[in-house]
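The values are calculated or read from the model by the stated rules, or taken from the named source; none is laboratory data. In this text, all values refer to a predicted model and were calculated from it rather than measured experimentally. FYI the Cβ positions are ideal-geometry reconstructions off the backbone, even for glycines, and counts take in every protein chain you see. Keep in mind that these areas ignore ligands, DNA and RNA; they rest on the heavy atoms of the full protein, side chains included. Shrake-Rupley method; radii C 1.70, N 1.55, O 1.52, S 1.80 Å.
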Amino acid sequence: KAQGRNQVVRFEPSMHQSAMKRFGLEADLKRAIAAGDQLELFYQPIIELKDGRLHGFEALIRWRHPERGMISPVDFIPLAEDTDMIVEIGRRSIMEAARQIAAWMPAEGDPPQIAVNVSGKQFMAAGLLEDIERTLQKTGIPKGSLKLEVTESLIMDNPERTAEILRKVITMGCKVSIDDFGTGYSSLSHLHRFPFNTLKIDRSFVMRIAESREGLEIVRVISSLAHILERDVVAEGVETEEQAALLAKLGIQYGQGYFWSKPLPATEASVFLAKNRQK
Ligand code: C2E
Ligand code: CA
Ligand code: CA
Ligand code: CA
């Protein structure tokens, strides 16, 4: 806590599940879900590269632990997955994101899109589609403003089943992003039949575009692939003006990263949005 409200305390990367349990995080997470006010979505802006305007946000979860301060999702999402708590956490996140979209509904035009991360177990759990349907009804938001982000590796674990669910999500009117693209060895021959709207190029590729010619060429190839398939591209982890300019030159539509903003608590994201609307 002493580290300030936007600081995320990281545990040692070597700290594995059993250690997490030993430190009581599992019981704490159960309590956090019951308490209802410790898990919170932060929002990171996604920017249109050609004009710098706001396109939407990615919702990224944070745990405000009463004693340990802010805990990164990297440290508790795996635990939540192992213990099935992810299903309840994920269900609430979709609802919270939809409520945020409703709060951001402008008098005219569309609200910003919010992309919510959905992990494997949550995705395969019964009731996901019904939950989304109910959430859309309750909040009355435009369906296309809610986007689900699933990772490329989740897809590859079970391509048929994933495709079937994603097709329903899209039929429902919501959007789908493939996250961390390039890291999961998806079969290119399947990609064109896969139901999704957006490819997110993983940060590990974006990092290298200004460093080497190969780095740039790899992102160019991913981008032309998306172009051929008529899908949008978001480049994640953009940290410098040089990267943003190179990505724009490749014809990539959207960028996300510390260059524009870190993930922000809802109140600060609202300020970011208000400033953007004045532009
Ligand atoms: P991700 O979905 O790939 O999210 C991108 C991560 O990169 C976020 O970390 C974000 O804060 C960080 N990031 C954004 N821009 C930059 C940048 O310019 N430079 C660098 N170095 N990092 C940047 P975060 O918020 O710690 O989330 C980590 C991972 O935890 C996410 O990776 C995602 O897999 C998972 N996660 C986060 N929120 C949720 C959630 O609500 N549900 C599920 N299932 N998983 C989540
Ligand atoms: Ca993501
Ligand atoms: Ca990602
Ligand atoms: Ca990534």
If Thr171 passes every condition in (1) within 16 Å of ligand 1 (Cβ to nearest atom); (2) at pLDDT 95 or above; (3) not in a loop (DSSP other than H, G, I, E, B) but one, which one does it miss?
(1)
Checked the range 90-121 for anything part of a helix (DSSP H, G or I), open to solvent by less than 10 Å² (accessible area, probe 1.4 Å) and within 12 Å of ligand 1 (Cβ to nearest atom); matches are Gly90, Ile94, Ala97
Somewhere in the range 86-109, is a residue modelled with pLDDT under 95, under 22 Å from Cys174 (Cβ atoms) and not charged (D, E, K, R)?
yes
Could you check the range 230-246 and list, in sequence order, the residues that are charged (D, E, K, R), touching a residue at least 24 places away in the same chain (Cβ under 8 Å), more than 11 Å from ligand 1 (Cβ to nearest atom) and within 18 Å of Pro45 (Cβ to Cβ)?
Asp232
Quick test of your reading of the structure: Ser261 fulfils all but one of (1) within 16 Å of ligand 4 (Cβ to nearest atom); (2) within 16 Å of Ile114 (Cα to Cα); (3) of a type outside the set (D, E, K, R); (4) assigned to a loop (DSSP other than H, G, I, E, B). Name the failing condition by number.
(1)
Residue within the range 178-200 that is touching a residue at least 60 places away in the same chain (Cβ under 8 Å), of a type in the set (D, E, K, R) and within 16 Å of ligand 4 (Cβ to nearest atom) present:
yes
Does Ser72 satisfy being open to solvent by less than 30 Å² (accessible area, probe 1.4 Å) and of a type in the set (Ser, Thr, Tyr)?
yes
For the subset of the range 130-153 comprising residues that are among the β-branched types (Val, Ile, Thr) and part of a helix (DSSP H, G or I), which member is farthest from ligand 4 (Cβ to nearest atom)?
Thr139
Just checking, does the range 176-196 include any residue being part of a helix (DSSP H, G or I), more than 22 Å from Ile165 (Cβ to Cβ) and open to solvent by 80 Å² or more (accessible area, probe 1.4 Å)?
no
Out of the residues in the range 256-273 that are exposed (fewer than 15 other Cβ atoms within 10 Å of the Cβ) and of a type in the set (Ser, Thr, Tyr), state the one that is farthest from the chain's Cα centre (by Cα).
Thr267
Of the residues in the range 206-246, those that are within 14 Å of ligand 3 (Cβ to nearest atom) and either touching a strand residue (DSSP E or B) at 6+ places or on another chain (Cβ under 8 Å) or within 14 Å of Leu49 (Cβ to Cβ) (or both) number 8
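Quick one: in the range 134-155, of everything that is hydrophobic (A, V, I, L, M, F, W, C) and closer than 15 Å to Ala98 by Cβ, which residue is nearest to ligand 1 (Cβ to nearest atom)? Talk me through it step by step, then tell me what you get.
Taking the range 134-155 as the starting set, the residues that turn out to be hydrophobic (A, V, I, L, M, F, W, C) are 136, 141, 146, 148, 150, 154-155.
So of that shortlist, the ones also closer than 15 Å to Ala98 by Cβ come out as 136, 141, 146, 148.
On the way: Leu136: 18, Ile141: 18, Leu146: 14, Leu148: 10 Å.
Only one residue tops the list, namely Leu148.
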Please tell me if Arg167 is touching a residue at least 12 places away in the same chain (Cβ under 8 Å), within 30 Å of Phe205 (Cβ to Cβ) and away from ligand 2 (no atom under 16 Å from the Cβ).
yes
When the residues of the range 122-149 are filtered to those that are among the basic types (Lys, Arg) and touching a residue at least 24 places away in the same chain (Cβ under 8 Å), which remaining residue is surrounded by the most Cβ atoms within 10 Å (Cβ to Cβ)?
Lys147
Tell me the residue from Arg31, Arg53, Arg62 that is basic (Lys, Arg) and either open to solvent by less than 50 Å² (accessible area, probe 1.4 Å) or within 16 Å of ligand 4 (Cβ to nearest atom) (or both), please.
Arg62
Before we move on, is Glu230 surrounded by fewer than 20 Cβ atoms within 10 Å (Cβ to Cβ) and either part of a helix (DSSP H, G or I) or within 16 Å of ligand 4 (Cβ to nearest atom) (or both)?
no
Quick one: which of Ser224, Ser212, Ser261 is of a type outside the set (A, V, I, L, M) and within 15 Å of ligand 1 (Cβ to nearest atom)?
Ser261
